[in-house]
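Just passing along the structure, written as structure tokens.
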Amino acid sequence: MREEQRTAMSGRLVLVRHGQSHANVERRLDTRPPGEALTDLGHQQAVDFAVNWSHPVGMVAHSYALRATETAADIGERLGLTPHRLEGIHEVQVGELENRNDEAAVEQFNATYQRWHEGHLDEPLPGGETGQQVLDRYLPVVTQLRLRHLDDHAWTGDILMVS
């Protein structure tokens, strides 16, 4: 009797949020790269993530935002990996809401984001992106990572993608 072989991925794609940035502390919408740097706590969060990650890692990738670059560098240093910068995985661009931290701006951002979750992906942030535009630039990168690495049975470890 012949055994069936199961096709399985040899790693996972793990989306990792960047550590705390100075803009996070100020509750400021900071999406235009390069953006704000990490706080000391943000660097510690990245190191703690790497220390506590219990699965093999084959790649650390990041967007071009400074906070994602710094987070990936801290994780990569702890894991002995050189991070890779990927185009297209940066945050939602908020347009006219950039650098605002007033309640009206935060509420408008949250309301638009909620409508995207409800399926209204063509609704833009004022002067910014639509949910569909975000998906159109982000998902091809994820697909390429899966095809090039995670579907390759020779590949070992997770891909940590910081954005």
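Return the whole-Å distance between the Cα centroid of segment 70-130 and the Cα centroid of segment 24-66.
13 Å
A follow-up question, please. Skipping prolines and chain starts, which residues have an amide H placed within reach, meaning under 5 Å, of the one on His84, given they are 5 or more residues away or on another chain?
The list, which skips near neighbours in sequence, is Val60, Ala61, His62.
Hey, another quick one. Taking the 0 to 90 degree range and rounding to the nearest ten, how far is the long axis of helix 131-145 tilted relative to the main principal axis of the chain, both from C-alpha atoms?
Tilt relative to the chain: about 20 degrees.
Probe radius 1.4 Å, ligands and nucleic acids ignored: give me the carbon and sulfur share of the accessible area of the chain as a rounded percent.
That fraction is 50 percent.
Ok, one more. Could you tell me which of Ser163, Gly80, Ala50 has its Cα farthest along the dipole of the chain towards the positive end, charges placed at Cβ (Lys, Arg +1; Asp, Glu -1), taken about the Cα centre?
Of the options given, the answer is Gly80.
Now, a different point. Please give the length that would be gained between Asn99 and Arg12 if that part of the chain were fully extended, namely 0.36 nm times their separation in residues minus their C-alpha to C-alpha distance (nm, one decimal). Working shown, then result.
Working: separation 87, 0.36 × 87 = 31.32 nm, distance 3.39 nm.
Net length gain for the segment: 27.9 nm.
Counting Lys +1, Arg +1, Asp -1, Glu -1, what net charge surrounds Val94 among other residues with beta carbon under 10 Å of its beta carbon? Don't skip to the answer; put the middle values down first.
Working: positive: Arg32, Arg100; negative: Asp30, Glu91, Glu96, Glu98, Glu129.
Counting the neighbours of Val94, the net charge comes to -3.
Now a separate question. What whole-number value in Å² describes the accessible area per residue of the chain for a 1.4 Å probe?
Details: 9590 Å² over 163 residues.
Using a 1.4 Å probe on heavy atoms only, each residue of the chain averages 59 Å².
Now a separate question. Please report the net charge: other residues with Cβ closer than 12 Å to the Cβ of Ser21, K and R +1, D and E -1. Kindly include the intermediate steps, with their values, before the conclusion.
On the way: positive: Arg17, Arg27, Arg28, Arg67; negative: Glu26, Asp30, Glu36, Asp40, Glu70, Glu91.
Once positives and negatives cancel, what remains is -2.
Within 10 Å, Cβ to Cβ, of Arg137, how many net charges do the neighbouring residues add up to if Lys/Arg are +1 and Asp/Glu are -1?
Numbers: positive: none; negative: Glu87, Glu129, Asp136.
Charge balance in the 10 Å sphere: -3.
Which whole-number percent gives the relative contact order of the chain, counting Cα pairs below 8 Å spaced six or more residues apart?
Working: 284 pairs, mean separation 58.6, N = 163.
Reported as a whole number, the value is 36 percent.
Let me ask another. Using amide H atoms built in the peptide plane, which far-off residues or other-chain residues are under 5 Å from Val16 H to H?
Amide H neighbours of Val16, under 5 Å, 5+ apart: Met161, Val162, Ser163.
Per DSSP H run of at least 4 residues, take -39500 (n - 2.57); add these up for the chain, divide by its residues and hand me the 222 nm value, nearest 500 deg cm²/dmol. Intermediate results must be reported in sequence, preceding the final value.
On the way: 5 runs with 61 residues, N = 163.
Counting only the DSSP helices, I get -11500 deg cm²/dmol.
Over segment 83-163, what is the mean sequence separation of C-alpha contacts under 8 Å (at least six apart), divided by residue count, expressed as relative contact order in percent? Let's see the in-between values first.
Working: 58 pairs, mean separation 27.5, N = 81.
34 percent.
For a quick check, take a GNM of the chain with Cα springs below 10 Å and name the residue from Ser21, Ser54, Ser63 with the largest mean-square fluctuation.
Checking each option, the largest mean-square fluctuation is seen for Ser54.
To continue, here is another question. From the backbone phi of segment 67-79, what are the Karplus-calculated ³J(HN,Hα) couplings (6.51 cos²θ - 1.76 cosθ + 1.60, θ = phi - 60°) in whole Hz, Gly and Pro given as x?
Taking θ as phi minus 60°, the curve returns 5, 6, 4, 5, 4, 5, 5, 5, 5, x, 4, 5, 8 Hz for segment 67-79.
Now for a separate question. Any chance you could give the angle, 0 to 90 degrees and rounded to 10, that helix 103-117 forms with the longest Cα principal axis of the chain?
Long axis of 103-117 versus the principal axis of the chain: about 40 degrees.
What are the ³J(HN,Hα) values, in whole Hz, obtained from phi via the Karplus relation 6.51 cos²θ - 1.76 cosθ + 1.60 with θ = phi - 60°, for each residue of segment 41-56 in sequence order, with x given for Gly and Pro?
In residue order, the calculated couplings are 4, x, 5, 5, 4, 5, 5, 4, 4, 5, 5, 8, 6, 9, 10, x Hz.
Let me ask another. About the Cα centre, and with charges only on the beta carbon of Lys, Arg (+1) and Asp, Glu (-1), how big is the dipole of segment 1-129? Nearest 20 debye, please. If you can, show how the numbers build up before the last one.
Working: 12 positive and 21 negative charges, 115 e Å.
Result for segment 1-129 is approximately 560 debye, rounded to the nearest 20.
Between Tyr64 and Leu41, what FRET efficiency comes out of the Förster formula 1/(1 + (r/R0)^6) with R0 = 22 Å and r the beta carbon distance, rounded to 0.05?
On the way: r = 22 Å, r/R0 = 1.02.
Given R0 = 22 Å and the Cβ-Cβ separation, E is 0.45.
Amide H of Ser21 versus every other amide H placed in the peptide plane: which residues, excluding those fewer than 5 positions away on the same chain, fall under 5 Å?
Counting only residues 5 or more places away or on other chains, the set is Thr39.
Through the Karplus equation 6.51 cos²θ - 1.76 cosθ + 1.60, θ set to phi - 60°, convert the phi angles of segment 88-97 into ³J(HN,Hα) values in whole Hz; use x for Gly and Pro.
x, 9, 6, 5, 4, 8, 8, x, 5, 8
The values are calculated or read from the model by the stated rules, or taken from the named source; none is laboratory data. A quick note: this is a predicted structure, and the numbers were derived from the prediction, not measured. We place every Cβ from the backbone using ideal geometry, glycine too, and count neighbours over all the protein chains shown. We work out accessible area using only protein heavy atoms, side chains counted, and drop any ligands, DNA or RNA first. Shrake-Rupley method; radii C 1.70, N 1.55, O 1.52, S 1.80 Å.
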